[in-house]
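One structure below.
The values are calculated or read from the model by the stated rules, or taken from the named source; none is laboratory data. In this text the structure is predicted, and so the values were computed from the model without any measurement. Quick reminder, even Gly has a Cβ in these numbers, built from the backbone with ideal geometry, and neighbours come from all protein chains shown. All accessible areas refer to the heavy atoms of the entire protein, side chains included, with ligands and DNA or RNA removed. Shrake-Rupley method; radii C 1.70, N 1.55, O 1.52, S 1.80 Å.
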Amino acid sequence: MARKKPRTAKPALLAVRGITRAFGDRTILDGVDLDVRSGEAVGVVGPNGSGKSTLLRCIVGADDADAGGSTLAGHPLDERLPGIRADLAVVMDDIDFFPDLSVVEHLDLVARAHAQPDAEEVVNGVLAEVGLMEVSGQLPSTLSSGQRRRLALASAFVRPRRLLVLDEPEARLDTDGVAWLGERLVAEKQAGGAVLMVSHDAGLVARVCDRVVRLGGAAEPSDVG
Ligand SMILES: Nc1ncnc2c1ncn2[C@@H]1O[C@H](COP(=O)(O)OP(=O)(O)OP(=O)(O)O)[C@@H](O)[C@H]1O
Ligand SMILES: [Mg+2]
């Protein structure tokens, strides 16, 4: 297997090695390797059913890989471990909200639970950024699907994190929302954060990602643009 020369000597924040996952006799993932360094975004792309969400779930420990594993800053990655949860913000497509907490109460709870300094200021800033200020007193069940998606993303942005793991973060966002997301993720990298994201939006991937891992085809990481 041809190996790409690492462009920097910086060790990977997230190192994924040999992730393999089969359902019954169908092997969905066959020895997937990838690295994400601080200040870098890696995209995972591929057709529906190619295993992108399965890969993210195996990486964060929400699903058990049959073989292989991941480390975050050198420690085995399992989102059930408190030390790992402090560094890892995950937004999958199935996020649940507390049904009886308003938008602002939800974000406040997440920020404080993760010991965010200046929680109130951060929550207000993110509410404005994601355009949820006007609905901040509403319960999740009264939000539109795009607003619920914005709340899910906001939940990741109000807390301290070193790595963002996002499954189709552009889903259900309007055009302005996708543009905002692109800017936000570029800013995340510039601030030294790492991003691993699944996306079907080629424009967003080109804008944000430094490298792409393609599933359901050639599995080697490749440079973007
Ligand atoms: N728990 C499960 N049991 C059986 N099969 C599963 C399970 N989870 C996923 N699969 C199968 O694994 C394959 C990959 O699913 P996955 O959700 O990872 O795809 P994806 O690349 O995220 O697709 P999409 O672009 O539609 O989100 C699919 O064929 C799916 O049916
Ligand atoms: Mg998926």
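Observations
- Dipole of the chain, positive end: most advanced residue of Leu143, Leu107, Val158 [Cβ charges, Cα centre]: Val158
- Debye, to nearest 20: dipole size of the chain, +1 on Lys, Arg Cβ, -1 on Asp, Glu Cβ: 880
- Summing Cβ point charges (Lys, Arg +1; Asp, Glu -1) relative to the Cα centre of segment 41-129 gives a dipole of roughly 360 debye.
- Spin-label model, Ala187/Ala22: points 7 Å from Cα along the beta carbon direction are separated by 4.6 nm.
- Those residues of segment 155-174 whose amide nitrogen sits under 19 Å from the label point placed on Phe98, 7 Å along Cα→Cβ: 155-160
- Dipole of the chain [Lys/Arg +1, Asp/Glu -1 at C-beta], most positive-end residue of Asn48, Pro76, Gly18: Gly18
- Proximity of backbone amide H atoms, modeled 1.01 Å from N, is registered between Leu13 and Val36, Arg37, Ser38 at under 5 Å, excluding neighbours fewer than 5 places apart on the same chain.
- Site pair Gln138 and Leu81 shows an inter-label distance of 4.0 nm when each label is modelled 7 Å from Cα along Cα→Cβ.
- Of all accessible heavy-atom area on the chain, the percent that carbon and sulfur account for (1.4 Å): 50
- Fraction of beta bridges assigned by DSSP in the chain that are antiparallel (%, nearest 5): 50
- Rolling a 1.4 angstrom probe over the protein heavy atoms with all chains in place gives segment 68-200 an accessible area of 46 Å² per residue.
- Taking each DSSP H run with n ≥ 4 as -39500 (n - 2.57) and averaging over every residue of the chain yields -9500 deg cm²/dmol at 222 nm.
- Inter-centroid distance (Cα atoms) of segment 93-139 relative to segment 158-221, Å: 21
- Stretchable slack from Asp33 to Leu109, in nm (0.36 nm times residue separation minus alpha-carbon distance): 23.9 nm
- The charge dipole of segment 94-160, taken about its Cα centre with unit charges on the Cβ atoms of Lys, Arg (+1), Asp and Glu (-1) only, comes to about 200 debye.
- Förster-model FRET efficiency, 25 Å R0, Lys10 and Arg172, C-beta, rounded to 0.05: 0.15
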